[in-house]
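None of the figures in this text is laboratory data; all of them are computed from the coordinates on show. Predicted model only: the values in this text are computed from it and were never measured. Backbone-built Cβ (ideal geometry, glycine too); neighbour counts: all protein chains shown.
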Amino acid sequence: MSVPTSLPAALARAVHAGHGGYLDRGADHLLADVEAASCRLATAFLDMGLKPGDRLALIALNQIEWLQVFFAATRIGVVVVAPSVRYRRAELEYMLNDSAVAAVVSLAELDGFSYRELFDEMKPSLPRVERFIYLDDDFRRLLATPADPARLSAVAVGADDLAMVIYTSGTTGRPKGAGLTHGSLLRSAAAQAAHTGMSPADHLKVAMPFNHVGGITCSILAALLSGASCELVPVFKADTVIEMAVRRPPTMLTGVPTMLTLLLMNPGFAGIEAGRVRLVIVGGSNVEPSLLARLHAALPNAAMMNLYGLSETSGAIVMTPENATAEQVLGPIGRPLPGASLRIVGPDGEVAAGEIGELRFMGLGVIPGYVGAAAGDQPFDADGWLRTGDLGYRDGDGLIHLMGRAKEMYIQGGYNVYPAEVENLIARLPGIVTVAGIGVPDPVLGEVGRYYIVSREDGAPTAEAVLDHCRRNLADYKLPRQIVFRRELPLTPAGKVQKSLLREEALNGG
């Protein structure tokens, strides 16, 4: 399958092929309708003075309007800046100014929170923003603008043009604006679609947020290129996803471990037509053993795959091989997708198989760099390889094992400890939902491991049971020194545990 050079070209090809579309809040939207709406909106954007290279912020749920605006903006070379609906004043002020946003398209309100009032208050601190458009009558008037094909066709958009700015989720520090191009998005989406065998027979429930590569690349664009249809989940709630899945069964389930765990824990999950699900993709980290066992039991016909990707790779860049064994799903995250190259680098250069180093990538969906303030802090080494900040090693079969973020490693009594290794072991215990480990200061050992555990109410292990399990399976220097049980842990908008908040809490005596 050849990869289109731009997002408007990809949409046009899918429309020509008669591929599926989107189901949103009970209404069907054919791709032809989305393309027509994007042409009308793009004309309206040109009328208001937006031009190629300008930035437009888009704040909305997973809804058809988000996609209409996205395809409209990228049709005329306008770059979509995509903050989370959960962001508030300080975060939005930083991101909109940092990326030099010229216009904002936003929800008017959500769950009693007024974006209109917020932006009215913020206008003095957003001097570059010339227009605020809300998804109400204001937006509907723009959507009624007659399309001007001649003006639209006069705008040339190519693979190397920026399409989107996604701010990193900020698990370890201030977010950076990753500049994703038309080509980087489409190359990553196409590689994933080919690897997973996606086709017009597939149907997805898209719950990963569109402002994250898990939503826009791994779901929407992979479906667009393969012909799969999608039902849009405004915001992830287990009850909502299950109700949708009962009405129209999916063939693929995609989500971070937290999402999949919550789905399995919901009694309504038993009502899904399990035999229709052919593939489960777990993003963000490799599948925890207990989660894999429960997924296999609940979805006996489904294959399991890990997916590893970053904003800086525009989407998936490593996935579990096809027909992998359970052991190959549990331990490794997979191999680089075709078009991606990998080096694993230690302090003295590239390391041998079995040795831990930093994962570095080149090719496929790797972005050209950061934008805004982070433009001077590019994520590449001297040879042009993307430095991920993630540690891992390659086994004898060429499969990559993820050991966590380099910044998450802590030194306990003089020995390096990688929390991911300990987290994966603890997660094997029955009743465990989520585990997150950090290093905290200690007057004797320098740092010690504190592990936060969320467990099921029906049969949670005790702290001593967790420690006994670790003693039987780990070297003594890796043993957790502190176990903290919680009902929930802070999550990023993409559903990952926000360890920076746990570290901040620990430093403040929590």
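How large is log10 of I(q)/I(0) for the stretch 268-410 at q = 0.08, 0.10, 0.19 Å⁻¹ when the intensity is taken from the Debye formula with one equal scatterer per alpha-carbon? Per q value, in the given order, log10 I(q)/I(0) is -0.26, -0.39, -1.11. In terms of Cα to Cα distance under 19 Å, which aspartates and glutamates are near enough to Lys205, apart from those fewer than 8 places away along the same chain? Of all the aspartates and glutamates, those that pass the test against Lys205 - Cα under 19 Å, at least 8 places apart if same chain - are Asp24, Asp28, Glu65, Glu231, Asp239, Glu243, Glu273.
For the stretch 478-510 versus the stretch 191-259, the spacing of their alpha-carbon centroids is 29 Å.
Give the order of Met362, Met208 when sorted by the count of other beta carbons within 10 angstrom, beginning with the fewest. Intermediate values should be presented prior to the final figure.
Numbers: Met362 17, Met208 27.
Lowest count first: Met362, Met208.
How big, in percent, is the set of alpha carbon pairs in the stretch 7-186 lying more than 20 Å apart? Numbers along the way, then the final one.
Details: 8552 of 16110 pairs.
Percentage above 20 Å: 53.
Based on every Cα atom in the stretch 357-510, Rg and the maximum pairwise Cα distance Dmax equal 17.5, 52 Å. Projected onto their three principal axes, the Cα atoms of the chain cover extents of 70, 50, 47 Å, largest first.
When the Kirkwood hydrodynamic radius is evaluated over all pairs of different C-alpha atoms of the stretch 346-410, what value in angstrom, to one decimal, is obtained?
Numbers: mean 1/r = 0.0766 Å⁻¹.
After inverting the pairwise mean of 1/r, the radius is 13.1 Å.
So what is Rg over Rh here for the stretch 184-340, counting just Cα atoms and using Kirkwood for Rh? If you can, show how the numbers build up before the last one.
On the way: Rg = 14.1 Å, Rh = 15.3 Å.
For the stretch 184-340, the value is 0.92.
For the stretch 337-350, the Karplus equation 6.51 cos²θ - 1.76 cosθ + 1.60, evaluated at θ = phi - 60°, returns couplings of 5, x, x, 10, 10, 10, 10, 10, 10, x, x, 10, x, 4 Hz by residue, with Gly and Pro reported as x.
Here Lys478 is the anchor, and the lysines within straight C-alpha reach of less than 29 Å, apart from those fewer than 8 places off in the same chain, are Lys407, Lys496, Lys499. Fraction of C-alpha pairs exceeding 22 angstrom in the stretch 1-88: 30 percent, rounded to a whole number. Sequence-distant contacts, meaning Cα pairs under 8 Å at least 6 residues apart, place the relative contact order of the chain at 11 percent.
Packing around the peptides 57-65, 339-347, taken as the average count of other Cβ atoms within 10 Å per residue, puts them in this order, highest first: 57-65, 339-347.
How long are the semi-axes of the ellipsoid equivalent to the stretch 91-181, from square roots of 5 times the Cα gyration tensor eigenvalues, in whole Å, largest first? Each step should come with its number before you reach the end.
Details: eigenvalues 127, 99, 29 Å².
Whole-Å semi-axes of the equivalent ellipsoid: 25, 22, 12.
By the rule of a C-alpha distance below 26 Å, with chain neighbours fewer than 8 residues away ignored, the lysines paired with Lys123 are Lys51, Lys176. By the Cα gyration tensor, the stretch 280-357 has an equivalent ellipsoid whose semi-axes, rounded to whole angstrom, run 26, 14, 11 from largest to smallest.
Each helix, a run of at least 4 DSSP H residues, gives -39500 (n - 2.57); summed and divided by the residues of the chain, these come to -8500 deg cm²/dmol at 222 nm.
Volume of the convex hull of the stretch 429-475 (Cα atoms only), normalised per residue: 87 Å³.
Projected onto planes of every orientation and averaged, the convex hull of the alpha-carbon atoms in the stretch 453-510 covers 5.3 nm².
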